[in-house]
1. Do the conditions hold for B:Gly43, that is, is it under 19 Å from the mean Cα position of the chain (by Cα) and surrounded by fewer than 19 Cβ atoms within 10 Å (Cβ to Cβ)?
2. Tell me, which residue of the stretch B:174-195 that is more than 12 Å from the chain's Cα centre (by Cα) and closer than 18 Å to B:Glu287 by Cα is surrounded by the fewest Cβ atoms within 10 Å (Cβ to Cβ)?
3. Run A:Ala139 past the list (1) over 24 Å from B:Arg134 (Cβ atoms); (2) assigned to a helix (DSSP H, G or I); (3) more than 8 Å from chain B (Cβ to nearest Cβ) and report the number of the one that doesn't hold.
4. Going by the conditions given, is B:Leu187 more than 7 Å from chain A (Cβ to nearest Cβ), under 22 Å from B:Leu206 (Cα atoms) and modelled with pLDDT under 95?
5. Failed condition for B:Thr120, given (1) assigned to a helix (DSSP H, G or I); (2) at the interface with chain A (Cβ under 8 Å from one of its Cβ atoms); (3) within 16 Å of the chain's Cα centre (by Cα), with all others met?
6. Which of the residues that make up the stretch A:93-117 are in a helix (DSSP H, G or I), touching a residue at least 24 places away in the same chain (Cβ under 8 Å) and either more than 9 Å from chain B (Cβ to nearest Cβ) or among the aromatic types (Phe, Trp, Tyr) (or both)?
7. Output the residue which, of all residues in the stretch B:148-164 that are in a helix (DSSP H, G or I) and more than 8 Å from chain A (Cβ to nearest Cβ), is nearest to A:Val135 (Cα to Cα).
8. Within the stretch B:149-160, restricting attention to residues that are in contact with a Leu (Cβ under 8 Å, 6 or more places away or on another chain) and aliphatic (A, V, I, L, M), which residue is nearest to A:Ile144 (Cα to Cα)?
There are 2 protein chains.
Amino acid sequence: MIPLELYLENQRALIDQVLAGFIERQSDTPSILLEAMSYSLQGGGKRLRPILALAAGEATRADPEIILPAACALELIHTYSLIHDDLPAMDNDDFRRGKPTSHKVFGEATAILAGDALLTMAFQVLSSEGLAERVNPKALLQVIREIASACGPAGMIGGQVMDVMSEGKSITPATLESIHTRKTAALIRASVRIGALLSEAPPAELRALTRFGEHLGLGFQIADDVLDVIGEEKALGKRTGGDARQKKATYPALLGLEAAKSLAHEQIEQASAALSTMGPSAQHLRELASYVGLRIDLGGRT
Amino acid sequence: MIPLELYLENQRALIDQVLAGFIERQSDTPSILLEAMSYSLQGGGKRLRPILALAAGEATRADPEIILPAACALELIHTYSLIHDDLPAMDNDDFRRGKPTSHKVFGEATAILAGDALLTMAFQVLSSEGLAERVNPKALLQVIREIASACGPAGMIGGQVMDVMSEGKSITPATLESIHTRKTAALIRASVRIGALLSEAPPAELRALTRFGEHLGLGFQIADDVLDVIGEEKALGKRTGGDARQKKATYPALLGLEAAKSLAHEQIEQASAALSTMGPSAQHLRELASYVGLRIDLGGRT
């Protein structure tokens, strides 16, 4: 096992433990709702967003205990977005991460409400008393603002609206970049930034990490498009080729597979370049960027 | 026009202006999404939750400018909950406040996303820079925590899950009270509390207002059940009798109409009693409680 994989495995175990704790502490909640929330939270996500927040915290020398709850709130939001994206009225997906989607297991009403609950719980976690006591409250409010903005109407939700609207239509590369920036890159950028915001990093470091997050976010989404074409179904845990079947606008469809691969690698290189002024504490962020590139070359098999 | 009605009209105009401003300031958002958000935000809601927050601010001598954004965030959350409740997978309602529901006008995908966007925007508003500069940041974090908790899995969303699950089943009065407490009363209680929290009111006042909010919230929901049976369709702007058609558990169905009316009035009296230690600044809160009682007697015609 290469050192990064060991690191990722340890971080995932830590994140999974915190997420399970969130669910356990939700007392007095209808059990079917908790079950639906827990079902989608478990089950093999990459945990990229919390891992990025923690790595950005490392890079800016934060106490990981302070970053961890906010990092895991990002995963609550990511999970809610997947549940709602999969609904029959949206992408109508039956499988996600190798398991039947939430609405297939719990029905549409509970799936919608489980998504709503995970989104709301993210803000419960971010404003929790324990966190508010240990962090500068102004920094915590900025974190809440950044996350709400990244996943709000001009961010992730706006991107999903544009994505649904563009199905079966021909769009320009500029529009596609705008969809991807909103739908995926905005929350990835925020993930990196909140690590730095919570550790009250100096402005120059915050700027460098912001640029890193923007390029990584876009590179990651292009890589995801590419993997939907070339990835092995077993490695990805879902049926691939779904984008093409749904006539979704993707980078491979718009530019061709090889050009899309190059563009993803280019974004990832720019992400790494953004860290040139950061010291050795940013090593895990650098390795995470390389890892996204490696996944493309290996067809999702890492 | 009686003085309370003039007061309500003025408060509604103020709230509508702030809500319109929220939408206008959402630059760089897909226009169809903004249109759907705006469609449901406009159109004749009672604005009970923001009015209660503002009146609780009055009662605790707060600057109304500080309460107003948070008060309107409550209406964003209430509106999102109505859009999602009306969806085909939930109550499957075609009309709301006399207009076709969001999914009838914009389609299911956009309706789900408009709900998600309004919920997320509430937290953007609550954590906005302008507010964070004028309010004690710790009080603001507590407000965010209270609202997220009231509309979270143990609150409003949990109540909706229980409501959907109980359709066509016979349930106990205790279960019905638990549904109503979560689904409606929790956010009404929070509405009253945030006025007091933002003005950093003394603990005794906060306790009195909390009891007021709890009783008013439950009284209001029982009144709503009663009005669904006896209310005039035109006055309420929606088809009445919907609860009975959907075999929903309600107080009139469980206890009979007259007993349900008495229970609503009883809760409203207890709400007023909770304010006995408060001075004349709580006058609007007292009148709001009487107003909820009056609506029952007049069949929704106020």
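1. yes
2. B:Arg193
3. Against the list (1) over 24 Å from B:Arg134 (Cβ atoms); (2) assigned to a helix (DSSP H, G or I); (3) more than 8 Å from chain B (Cβ to nearest Cβ), A:Ala139 comes up short only on (1).
4. Working: more than 7 Å from chain A (Cβ to nearest Cβ): yes; under 22 Å from B:Leu206 (Cα atoms): yes; modelled with pLDDT under 95: no.
No.
5. Only one criterion is unmet by B:Thr120, namely (3).
6. Applying the first criterion (in a helix (DSSP H, G or I)) to the stretch A:93-117 yields A:102-106, A:108-117.
With touching a residue at least 24 places away in the same chain (Cβ under 8 Å) added as a condition, the list becomes A:102, A:105-106, A:110-117.
Answer for the stretch A:93-117, where residues must be in a helix (DSSP H, G or I), touching a residue at least 24 places away in the same chain (Cβ under 8 Å) and either more than 9 Å from chain B (Cβ to nearest Cβ) or among the aromatic types (Phe, Trp, Tyr) (or both): A:Ser102, A:Val105, A:Phe106.
7. Taking the stretch B:148-164 and keeping what is in a helix (DSSP H, G or I), we get B:148-150, B:156-164.
Filter once more, keeping what is more than 8 Å from chain A (Cβ to nearest Cβ): B:150, B:156, B:159, B:163.
Details: B:Ala150: 24, B:Met156: 29, B:Gly159: 32, B:Asp163: 38 Å.
Filtering first and then ranking leaves B:Ala150.
8. B:Ala150
The values are calculated or read from the model by the stated rules, or taken from the named source; none is laboratory data. From a predicted model like this one, the values you see are computed outputs, not experimental measurements. Neighbour counts run over all protein chains shown; Cβ positions are idealised from the backbone, glycine included.
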